[in-house]
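FYI, it's all coordinate maths here, none of it is from the lab. The model shown is predicted, which means the values in this text are computed figures rather than measured ones. Please note: Cβ atoms are built from the backbone with ideal geometry, for glycine as well, and neighbour counts cover all protein chains shown.
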Amino acid sequence: MLPLTDQVASTISRYRMVEPGHTIGVAVSGGADSVCLLHVLREISPHWNLRLRVLHLNHRLRGAESEADAEFVRQLASQFGFVFSFREADLSAASGNLEELAREARLAFFHDEIAAGQVDRVATGHTRSDQAETVLFRFLRGAGTAGLSAIRPVTQTGPGVSRIELVRPLIGVDRAQVEQFLKDRFIPWREDSTNFGFVFSFREADLSAASGNLEELAREARLAFFHDEIGAGHVDRVATGHTR
């Protein structure tokens, strides 16, 4: 198996996630996935002459833990000499779908960073494990192929000219690889005791017994993504991505 850094570099090239000279906003929560993403991008960024900017959104959902996360990420950015962009979105008293509210706050933050010319694209730490878990959940909810493709390597989101591009360089590796990478290098990360988001839905649906074969689900997700892109007429990009 290729080293994780090589796998990520291959994914970036395959899906044309960056252009030479880009400034990439790296969304870092302090968790294992995003910390790994920052370390890997730091190592391989010279290949594309990339500049990195660390983005952190404090949802203020976990009190002192949230503050500690923000300080951890701030120090990590300082350690590498990266600009640190920080925003607070107080969702502690919010009602409604907390996961969706948090997602909207993140996207608004990313949009503002891109609109201000601070970054060209934003990289997030979604992994193949996230992909597989999301596919499982959506499959059991009766999703079609669009639902099965779930988390795509590159997505554009937002209205019209305000659309922003999100890239997911870790989408080809799983969470176990991420944690092993960090452990091998004695790199610390923060644990989210709530892990709000997808895990809430998993608990509600009691799907833990059905989540064993995540690798197979990830493979199905990639096939569904390929199917959707062909159906949408994006053959050139997909074909290029799968042959490079």
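Once C-alpha pairs closer than 8 Å and six or more residues apart are averaged by separation and normalised to the residue number of the range 1-78, the relative contact order reads 32 percent. Compared with the alpha-carbon gap, the fully stretched path from Gln180 to Thr157 is longer by 5.1 nm at 0.36 nm per residue.
Put simply, the range 15-120 fits an ellipsoid with semi-axes of 25, 16, 11 Å; these come from the alpha carbon gyration tensor as the roots of five times its eigenvalues, largest first.
Spin-label model, Ala64 to Phe86: label points 7 Å out along the Cα-to-beta-carbon direction sit 1.8 nm apart.
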